[in-house]
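The structure appears right after this line, and notes come after that.
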Amino acid sequence: MRLFLRQLWQFIRPHQGRLWLGVAAGLLYAAGSGAMLLSVNLVFDAIFPSEGAKMIERIQHSGLPLVLQRWVLDAFQSMRLEQSSPAVLALIAAVPVAMAARGMGSYLNLYAMAWLGANTVHDLRVRLFGHLQRLSLDFFGASRTGELLSRLTNDTTAIYSTIATGLATLAKEPFAVVFLVAYLLFMQPTLTLVALVVFPLVVLPIVIYGRKVRKAWKAAQTHTAELSDVMQEAFTGSRVVKAYNLEQVVTDRFARTSRMITSQFMRYIRASEMPGPVIEVFGSIGVALLLGYVAKYAGAKKPSAGDFTGFVGALFMLYQPVKNLSRLWAQLEQGRAAGERLFGLLETRPTVVEPAAPRPLRAAGADIEFDGVTFGYGEKTAVSDVALTVKAGQLVALVGASGSGKTTLTNLLLRFYDPQRGSVRIGGLDLREVATEDLRAQIAVVTQETILFNDSILANIRLGRPGATDAEVEAAAKAANAHEFIVAKEGGYGFAIGERGNNLSGGQRQRLAIARAILRDAPVLVLDEATSALDTESERAVQTALEALMRGRTTLCIAHRLSTIQHADVIVVMAEGRIVEQGRHDDLLARGGTYAKLHGLQFGATP
């Protein structure tokens, strides 16, 4: 728990002014509660002379300094002699004033802590999301999307509850307990000690059930993440679900996961709510002991019915803050469970480490070298001892069967991963010595999987170079053969493409991605099946635009359609993570090797 609170404090500290405001408000609430009880008691004793002697005796045995004790006695005696005196009227007026102070303290306490919780969680979410963006690609390959979404939403909500409700309780109720216990000790010290003899037993259910709360909450959040995965897969794969009549299958899977969440949630409810009734039982035992003491052992010191009624009323006022404090531990344990998941994520470090002193990179006019590169995903080797030089300004095409290592080479070039052996260099500079931001700023990418965002066409193209003018965006769209279909859309460049670009056809999405790469105007291009989703006419137009764009730039192109790379400077043929052939199109066909076989499969015969 101490570690969790220390980790949480780093996010609370920038807003600690509201924390201390909440604490001060909690003190005001507690003081108002005590002042209200004391004012009522003083007025009662001042108005009814038979009760005043008891108050005088309490003041004399209160332990106050003699000077202060004498001043209080004189003031009280004057009130008793003149029951309509301004002092008595002031005491009567103090009752609603104390009640107003109590209410204002409660409001400010809750408001300040809710503000603190909302802003702390905002900072935590932003830090966590930004941290995730900086993690290496292998992290996302090993993580479930639903799990990450659950941590960013449900777990941060639990942290908010811990701060807004838990800290509000912590800043208010202990003061209330102290003031009420002080009042009870002042009124009836012996009875108070008898009533509170069972108080230590209250701690036991709080600690025991607090652990159960943490375990149940963590399990519920794990299943919630699984539920998010089920929903994401069902929604994004809706075409497959319907095509194979899998509606009931995914519904049953959803129901099973939801049932597990319900089961863990009920465990959480049982563990968080059980301490309340247990404390009530212990409280009733304390009241029974108190009644027994008054009935048999109080003797001459037995309080009057009025005193005893007021004492029991104050004792029951003490019950609510104690019950709230009992729930506090459960709230802290819930926050701790969420914190373990969140702060554990923040402690995850990227496997691609930024250099301490990055060296500047100039990719324009520089050769790209893969020097003895070996890399694997887990236990599976993707590329093995690859040696390849891409001369500045060359178009180098990578061909081969799926899984031969083509995309892995481009991933290493973009430094999504670092090679396990060997190195990747641009202009003789090892990429591990270069800041990834500097490296990727000099590479434009068009991938086979077209990634577009739920925004306008203009905004999606402009991602290639933020700050580009509308005219520059339009010129890039024209070069990618996208301008005509864009202006035909309602709103033109302001047309909203929808989630994952669902309002566009596959070919239109691909052309927007190409326009984005054209706008970037980078010295190095990576094309991963850049024209795969285009019809024949559009492919021809875009291929012409790409050829103009590639002129004077270094291009690494992955292609399954061999017709698109016949004019490449070098064609590199890969199989099982190794380079098996390389050369120009005509030379490779003449050899009759792997490339010639691939060509024959696509065109029916080797020309």
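The values are calculated or read from the model by the stated rules, or taken from the named source; none is laboratory data. Note that the structure is a prediction, hence the values are computed from the model and not measured. Please note: Cβ atoms are built from the backbone with ideal geometry, for glycine as well, and neighbour counts cover all protein chains shown. Surface areas here come from the heavy atoms of the whole protein model, side chains and all, with no ligands, DNA or RNA. Shrake-Rupley method; radii C 1.70, N 1.55, O 1.52, S 1.80 Å.
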Review point. Within the chain, what is the longest stretch that has no chymotrypsin sites (Phe, Trp or Tyr not before Pro) placed in a DSSP loop and near at most 14 other beta-carbon atoms within 10 Å?
Key: 1-243
**Study point:** Cα-based radius of gyration of the range 381-465 once divided by 2.2 N^0.38 Å, which approximates compact folds
**Key:** 1.26
Check your understanding: When ligands, DNA and RNA are left out and all protein chains stay put, how many square angstrom of accessible area per residue does the chain have with a 1.4 Å probe?
Key -> 50
Check your understanding: Are there any helices in the chain, counted as whole DSSP H runs, that stretch 18 Å or more along their axis by Cα and score at least -1.0 on average by Kyte-Doolittle, and if so which?
Key -> 16-47, 66-81, 86-134, 168-187, 203-236, 247-273, 275-296, 305-346, 506-520, 536-550
Exercise for review: Tell me the Kirkwood hydrodynamic radius of the range 333-397 in angstroms, computed as one over the mean inverse distance between distinct C-alpha pairs.
Suggested key: 16.4
Practice item. State, in angstrom, two size descriptors of the range 297-434 derived from its alpha carbons: Rg to one decimal place and Dmax to the nearest whole number. Key: 34.1, 107
**Study point:** For the range 236-275 versus the range 11-42, the gap between their alpha-carbon centres in whole angstrom
**Key:** 44
Exercise for review: Run the 1.4 Å probe and let me know the accessible area of residue 178, rounded to the nearest 10 Å².
Suggested key: 90
Point to revise | Projected-area mean, the range 563-607, by convex hull of Cα positions, square nanometres | key: 3.1
Revision key, fill the gap. Gyration tensor on Cα atoms of the range 145-217, a ≥ b ≥ c root eigenvalues, a/c under 1.5 rounded, else prolate if a/b beats b/c, else oblate, says oblate
Review point. Among the listed pairs 215/380; 478/597; 406/597; 215/242; 172/212, which are separated by more than 28 Å between their Cα atoms?
Key: 215/380; 478/597; 215/242
Check your understanding: Do the sum for the chain: with -39,500 (n - 2.57) for every DSSP H run of n ≥ 4, divided by all residues, what is the mean residue ellipticity at 222 nm, to the nearest 500 deg cm²/dmol?
Key -> -20500 deg cm²/dmol
Study note, to complete from the structure: Within the chain, excluding any GluC sites (Glu not before Pro) found in a DSSP loop (not H, G, I, E or B) and having at most 12 other Cβ atoms within 10 Å, the longest uninterrupted segment runs 83-346
Revision key, fill the gap. Sparse-neighbourhood loop hits (trypsin sites (Lys or Arg not before Pro), the range 374-457; DSSP loop; Cβ within 10 Å at most 10 others) -> none
Review point. Calculated from the structure, percent of Cα pairs over 40 Å apart equals which of (1) 52; (2) 43; (3) 26?
Key: (1)
Exercise for review: Quick one: grab the alpha carbon gyration tensor of the range 452-492, order the square roots of its eigenvalues as a ≥ b ≥ c, and give me rounded if a/c is under 1.5, else prolate or oblate depending on whether a/b is larger than b/c.
Suggested key: oblate
Review point. Hey, any idea what % of the range 242-289's accessible area is carbon plus sulfur with a 1.4 Å probe?
Key: 64
